[in-house]
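A short worksheet on the structure shown next.
The values are calculated or read from the model by the stated rules, or taken from the named source; none is laboratory data. On a predicted model such as this, the values are computed, not experimentally measured, just so you know. Neighbour counts run over all protein chains shown; Cβ positions are idealised from the backbone, glycine included. To get the accessible areas, we keep the full protein, side chains included, count just its heavy atoms, and leave off ligands, DNA and RNA. Shrake-Rupley method; radii C 1.70, N 1.55, O 1.52, S 1.80 Å.
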Amino acid sequence: MVILKTPEEIEQMKAAGRIVATCHKEIANMIKPGITTQEINDYVDRRIQELGGIPYTKGFNGYQYATCASVNDVIAHGFPSKKPLKNGDIVTIDIVAKCNGWVGDSGWCYAVGAVSDEAQKLMDVTRECLYIGIERAVVGNRIGDVMHAVQTHAQKHGFSVVRELAAHGVGREMHEEPTYIHIGTPGKGFRLKAGMVLTIEPMINAGTYRMTIDDDGWTARTADGKLSAQYEHTIAITEQGPIVLTEQAGV
Ligand code: MG
């Protein structure tokens with residue numbers, strides 16, 4: 001069942017979104033060659049709590065960290081590690097906080113030092129896919145309209161869209177209905193309604209869209225070892241258009 005949020009509840013959800021946005025703004029300045037994703041994780045874990053939130057992913061289905069840290073060919077759900085990031089790596093840090101009973105969820109891909117032209121292009125196109133999706137997330141559109149635009153943009157640049165990991169509704173829990181992927185057909189799928197709070201979180205690969213899962217049961221990698229990038233926001237669908245809850249003025 002899709003749980004629609006009232007305008008007042010959407011206002012309340014901004015607090016969790018602001019915490020996640022603040023963490024991303026701060027770690028953007030920390031990410032450089034030599035830092036470890038464990039250090040970034042520990043910083044985020046502490047900051048979420050200082051800012052009045054709860055690191056939601058810790059303990060979620062046995063997951064032990066406040067962040068996911070997905071480096072290079074890792075698509076999503078990578079564990080933070082003590083291995084230093086290297087010049088030229090790309091890393092997606094995914095952060096989920098709960099505050100006042102509501103969840104905010106945002107992942108962002110960062111360049112470590114100077115990255116290759118291909119990596120930069122992948123990051124740029126993936127970020128464009130996110131905002132193309134947000135722009136089309138308006139009342140009356142179907143999810144197929146939104147995701148067709150996302151898919152078309154990625155493929156136009158020679159990239160592929162991950163199909164085995166889904167986006168989701170967000171509310172009092174991180175994963176609510178509906179779930180959906182970032183490919184679609186215009187006019188198909190559920191219709192967007194005011195009060196839906198959803199993630200748009202395209203995972204875009206330089207090569208094949210196919211993926212494998214490591215023996216740890218979490219780490220999703222590209223099947224061909226090529227790069228993957230992801231950008232994610234939590235958005236609220238309103239009659240006035242989408243509100244990005246995890247990207248706020250002044251943060
Ligand atoms: Mg996320």
### Environment charge of Val251, counting only residues whose C-beta is closer than 12 Å and scoring Lys/Arg +1, Asp/Glu -1
+1
### Message
Going by average Cβ density within 10 Å per residue, which order do the peptides 60-67, 228-235 take, highest to lowest?
### Response
228-235, 60-67
### Average accessible surface area per residue within segment 126-250, 1.4 Å rolling probe, Å²
41 Å²
### Summary
In whole angstrom, the spacing between the Cα centers of segment 157-202 and segment 36-81 equals 22 Å
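Distance check, please: which entries in Lys25/Lys98; Lys32/Lys58; Lys121/Lys156 exceed 20 angstrom between their Cα atoms?
Lys32/Lys58
Looking at the calculated P(r) for segment 7-244, what percent of the C-alpha pair distances fall above 31 Å? The partial results should precede the final answer.
Working: 4786 of 28203 pairs.
Percentage above 31 Å: 17.
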### Message
As a quick test, which of the pairs Lys5/Lys193; Lys86/Lys226; Lys14/Lys83 have an alpha carbon distance above 22 angstrom in this structure?
### Response
Lys14/Lys83
### Query
Roughly speaking, what is the centre-to-centre gap between segment 92-107 and segment 211-251 when only Cα atoms are used, to the nearest Å?
11 Å
#### Entry: For segment 106-221, the Rg and Dmax computed from alpha carbons only, in angstrom
14.7, 42
### Message
Taking 8 Å as the Cα distance limit and 6 or more residues as the minimum spacing, I'd like the relative contact order of the chain as a percentage.
### Response
24 percent
### Task
Show which aspartates and glutamates lie in cross-link reach of Lys188 when reach means a straight Cα distance below 14 angstrom and same-chain residues fewer than eight apart are skipped.
Asp145
### Query
Can you pull the percent of the chain's accessible area that's carbon plus sulfur, 1.4 Å probe, other chains left in place?
51 percent
### For Ile213, net neighbour charge (Lys/Arg +1, Asp/Glu -1) across residues whose Cβ lies under 12 Å away
-2
### Query
Assuming R0 = 30 Å, what is the FRET efficiency of Ala28 and Met1, from their Cβ-Cβ distance, to the nearest 0.05?
0.25
#### Entry: Theoretical ellipticity at 222 nm over the chain - DSSP helices of four or more residues, -39500 (n - 2.57) apiece, nearest 500
-9500 deg cm²/dmol
### Task
Run the dipole for segment 7-244 about the Cα centre, Lys and Arg Cβ at +1, Asp and Glu Cβ at -1, nothing else charged, and hand back the magnitude in debye, nearest 20.
220 debye
### Task
Could you please report the charge total around Ala114, scoring K, R as +1 and D, E as -1 over all other residues with beta-carbon less than 12 angstrom from its beta-carbon?
0
